[in-house]
Amino acid sequence: MRRFTPKQLQAQHRRSGSKPASAQTPTAAPQGGSLPASNTTAPASGDEHLSAYRVAQEPYYRSVGDEVAMYEAAYEIRMPMMLKGPTGCGKTRFVEYMAWKLGRPLVTVSCNEDMTASDLLGRYLLDANGTRWQDGPLTLAARYGAICYLDEVVEARQDTTVAIHPLTDARRILPLDKKGEVVKAHPDFQLVVSYNPGYQSVMKDLKQSTKQRFAALDFDYPEHDIEVEIVVHESGVDADTASKLVHIAERARNLKGHGLDEGLSTRMLTYAGSLIAKGIDPLKACRVALVRPITDDLDMRDALDAAVTTYF
């Protein structure tokens with residue numbers, strides 16, 4: 001699985017410049033008649049184009065409820081999915097795990113406010129042979145049958161996110177206006193988005209017309225024993241140390257909205273645990289991996305440092 005950064009979006013998916021092996025076939029006008037009939041491309045196999053995006057090894061994911069079964073049922077009908085939860089609680093790992101479990105390639109895009117529709121759909125480029133079209137990550141996934149994961153989708157501009165609308169209803173098409181093509185989504189294609197509702201604001205939120213195209217799964221930090229199990233597996237520390245780290249996180253999470261914008265994430269606990277497993281003093285490891293990154297407020301740092309010394 002590869003993750004795109006803004007600067008890499010223009011350099012991705014380089015191909016030989018030839019069209020897919022399958023021939024283009026005419027398609028009927030989409031529902032509603034708002035778009036003209038055009039050619040579609042629906043290759044039977046995308047192994048050549050998607051091999052770099054396959055999840056080679058099983059990612060570690062500890063299920064905390066029925067989210068795996070729910071996702072599998074949604075994928076069977078190719079329902080678009082929305083994952084909502086705080087940062088570092090396992091949303092991205094869950095998508096990676098499900099892509100591996102379902103045997104589908106995973107194309108991941110890290111959304112940002114500078115991302116344009118062309119970054120998702122594609123653009124014409126100049127090379128030694130002249131002008132050629134280069135698919136964007138969303139087009140690549142839709143054309144050849146991957147799971148496309150838009151991470152922190154609310155960071156993208158609303159005029160960019162509307163580009164996904166035709167893929168998230170019964171039409172399952174992707175109009176490429178610049179190319180004059182309508183891509184019919186591959187039968188294996190699925191769109192998944194994620195965001196953190198804690199950062200939601202009037203300026204950074206999805207339109208209702210976008211939200212209502214997805215089914216949603218809520219994610220949160222695991223219960224104590226499960227989170228201890230995750231920290232032990234991911235960092236290599238013993239269960240007692242992992243339990244202390246989780247206790248510190250639970251106390252910090254109670255301060256959310258009372259001086260902290262966000263609580264300590266499971267990801268941060270694995271960072272601290274990894275340092276401890278390498279022989280770093282627990283107090284120093286917690287200051288570096290837990291306290292210092294989350295706040296610059298001196299009083300809040302003192303409060304978190306006190307919580308750390310309670311357990312170490």
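Show me 262-274, 225-237, 290-302 ranked by packing, highest mean number of other Cβ atoms within 10 Å first.
Top to bottom by mean Cβ count within 10 Å: 262-274, 225-237, 290-302.
Return the long-range amide H neighbours of VAL193 (sequence gap of 5 or more, or a different chain), with a cut-off of under 5 Å between placed amide H atoms.
HN-HN under 5 Å from VAL193: MET81, MET82, LEU83, LEU150.
For segment 173-270, what is the per residue volume of the convex hull drawn over the alpha-carbon atoms, in cubic angstrom?
Per-residue hull volume (Cα only) is 179 Å³.
Compute, for TRP100, the solvent-accessible surface of its heavy atoms (probe 1.4 Å) with the complete set of protein chains present, and express it in square angstrom to the nearest 10.
TRP100 exposes around 90 Å² with every protein chain in place.
What is the Cα coordinate range of segment 112-162 on the first, second and third principal axes, sorted by size from largest, in whole angstrom?
Extents along the principal axes: 38, 25, 15 Å.
May I ask you to evaluate 6.51 cos²θ - 1.76 cosθ + 1.60, the Karplus curve with θ = phi - 60°, for each residue of segment 178-194 and list the ³J(HN,Hα) values in order in whole Hz, giving x for glycine and proline?
Listing the rounded values in order: 5, 9, x, 10, 10, 8, 7, 4, 4, x, 8, 6, 9, 10, 10, 10, 9 Hz.
Translational diffusion coefficient, Stokes-Einstein: compute it for segment 128-203 using the Kirkwood radius over C-alpha pairs as Rh, at 4 °C and 1.567 mPa s, and state it as an integer in µm² s⁻¹.
94 µm²/s
Restricting things to alpha carbons, tell me how big segment 74-113 is in terms of Rg and Dmax, in Å.
11.3, 32
Quick one: ranking THR310, THR116 by accessible area, 1.4 Å probe, largest first, what do you get?
Largest accessible area first, the residues go THR310, THR116.
Rounded to whole Å and sorted largest first, what semi-axes of the equivalent ellipsoid does the C-alpha gyration tensor of segment 215-300 yield via the square root of 5 times each eigenvalue?
20, 18, 10
The values are calculated or read from the model by the stated rules, or taken from the named source; none is laboratory data. The structure displayed is predicted, hence computed values, not measured ones. Don't worry about glycine lacking a Cβ; one is built from the backbone with ideal geometry, like all the others, and counts go over all protein chains shown. These area figures cover heavy atoms from the full protein model, side chains too; ligands, DNA and RNA do not enter into them. Shrake-Rupley method; radii C 1.70, N 1.55, O 1.52, S 1.80 Å.
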